[in-house]
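Structure record follows, encoded as structure tokens.
Nothing in this text is a laboratory measurement; each read-out follows from the coordinates by a stated rule. All values derive from a computational prediction rather than experimental measurement.
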Amino acid sequence: MSLSEVVIEGTLKPDGTLELDEKPKLSPGRVQVIVKSLTALSTGHRGLVEVMDEIRQNQRARGYQGRTAPEMHAEEKARREEDKDYEQRCEQLWGDPLPPAKS
């Protein structure tokens, strides 16, 4: 079984070329390169992707499943009903809303 993916650190040069820290243990041929800055990681700052990944990992570890689509739709429907009730109470307190402006 041959390796199809390796992770190697390196340096991005000003001219856009990459200098790898070690020789990849892959067969010669076309490859896909994903470049990710390690500067933020080495200074202790994390990006959005790293934070979101950590949150997802922690949720999975404690068995969190999240809401289902029907649960989200039900909550949205309840929120809209609450908004409608609020608008009706406001109209009762302050009268009907202003008529539309005439053009």
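222 nm [θ] for the chain, helices only, -39500 (n - 2.57) per DSSP H run of 4+, per residue, to 500?
Numbers: 3 runs with 44 residues, N = 103.
About -14000 deg cm²/dmol.
Under the Kirkwood approximation for Rh and a Cα-based Rg, what ratio Rg/Rh is obtained for the stretch 14-68?
Working: Rg = 17.4 Å, Rh = 15.2 Å.
Rounded to two decimals, Rg/Rh equals 1.14.
Near the amide H of GLY10, within less than 5 Å, lie the amide hydrogens of ASP21, all on another chain or at least 5 residues away, with H placed in the peptide plane. For a distance above 22 Å, tell me the whole-number percent of Cα pairs in the chain that qualify. It works out to 68 percent of all Cα pairs. Between ILE8 and GLU81, full extension at 0.36 nm per residue minus the direct alpha carbon distance yields a gain of 20.8 nm.
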